[in-house]
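A.B. asks: Below you will find the structure I want to go over with you.
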Amino acid sequence: MGDLTKNKEIQENMSDSRQLTTLVKELQNAIRNVQSIEDYLTRLSQAKNLLGKDANPLTDEIDKNKTLLNDSLIQMGKFVSGVLDSIEITEDELDNAAKQLELFTDTKEDAIIYAKKELKAQVEDSYWHKYWTGILNRLDN
């Protein structure tokens, strides 16, 4: 396989993993938005005297849908994380990433410190945990 083909595959793999990582991170924003709905329901409850009991079926429906939405978002997050974690990280990809990190930092020791910091923030057996572990293995050799 030529270097050009390898580089293209590495870029596509990184693009996929970054796209899925963005989806995982955006899940937190979506869940915060569901919390905003909860806050709105609280305000509706406080205005119960003004709104009357005709509002109860509507608030109950919103509450039910909010709960379903929250549960669905959590399930989607687990699914996306599972797909991300199943992406294979190639040896070439890790070799290139380790080289790039060394170029990005002042010294090899700085690269190792950076990689250890990133690794520490990852969930074990996740895509990014495997990625940073692979980079660290290369930098330590």
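The values are calculated or read from the model by the stated rules, or taken from the named source; none is laboratory data. Predicted model, so just to flag it, every value in this text is computed and none were measured. Reconstructed Cβ throughout: ideal geometry from the backbone, glycine too, with neighbour counts over all protein chains shown.
A.B. asks: Answer yes or no: is there a residue in segment 42-53 that is in a helix (DSSP H, G or I), surrounded by 13 or more Cβ atoms within 10 Å (Cβ to Cβ) and among the charged types (D, E, K, R).
C.D. replies: Within segment 42-53 (the criterion being in a helix (DSSP H, G or I), surrounded by 13 or more Cβ atoms within 10 Å (Cβ to Cβ) and among the charged types (D, E, K, R)), the answer is no, since none of the residues qualifies.
A.B. asks: Ser81: within 22 Å of Leu20 (Cβ to Cβ), out of contact with any strand residue (DSSP E or B) (no Cβ under 6 Å at 6 or more places or on another chain) and surrounded by 14 or more Cβ atoms within 10 Å (Cβ to Cβ), yes or no?
C.D. replies: When the stated conditions are applied, Ser81 passes them.
A.B. asks: Okay, next question. In segment 6-41, which residue that is hydroxyl-bearing (Ser, Thr, Tyr) and either closer than 25 Å to Ser81 by Cα or exposed (fewer than 12 other Cβ atoms within 10 Å of the Cβ) (or both) is modelled with the lowest pLDDT?
C.D. replies: Ser15
A.B. asks: Here is a follow-up. So how many residues does segment 74-116 have that are under 21 Å from the mean Cα position of the chain (by Cα) and basic (Lys, Arg)?
C.D. replies: Count: 2.
A.B. asks: Moving to a separate point now. Has segment 92-113 got any residue that is among the aromatic types (Phe, Trp, Tyr), assigned to a helix (DSSP H, G or I) and crowded, with 16+ Cβ neighbours inside 10 Å?
C.D. replies: Taking every residue of segment 92-113 in turn, none turns out to be among the aromatic types (Phe, Trp, Tyr), assigned to a helix (DSSP H, G or I) and crowded, with 16+ Cβ neighbours inside 10 Å.
A.B. asks: While we're looking at this one, here's another question. If the Cβ limit is 6 Å and pairs must be 6+ apart or interchain, which residue in segment 104-131 that is basic (Lys, Arg) pairs with which residue that is surrounded by 17 or more Cβ atoms within 10 Å (Cβ to Cβ)?
C.D. replies: Lys108/Glu102; Lys130/Ile89
A.B. asks: For Ile74, only one of the following conditions fails: (1) exposed (fewer than 15 other Cβ atoms within 10 Å of the Cβ); (2) free of Cβ contacts under 8 Å to residues at least 40 places away in the same chain; (3) of a type outside the set (S, T, N, Q). What is its number?
C.D. replies: Just one mismatch for Ile74, condition (2).
A.B. asks: Among Asp125, Asp140, Asp54, Asp60, which is within 29 Å of Leu23 (Cβ to Cβ) and of a type in the set (Asp, Glu)?
C.D. replies: Asp125
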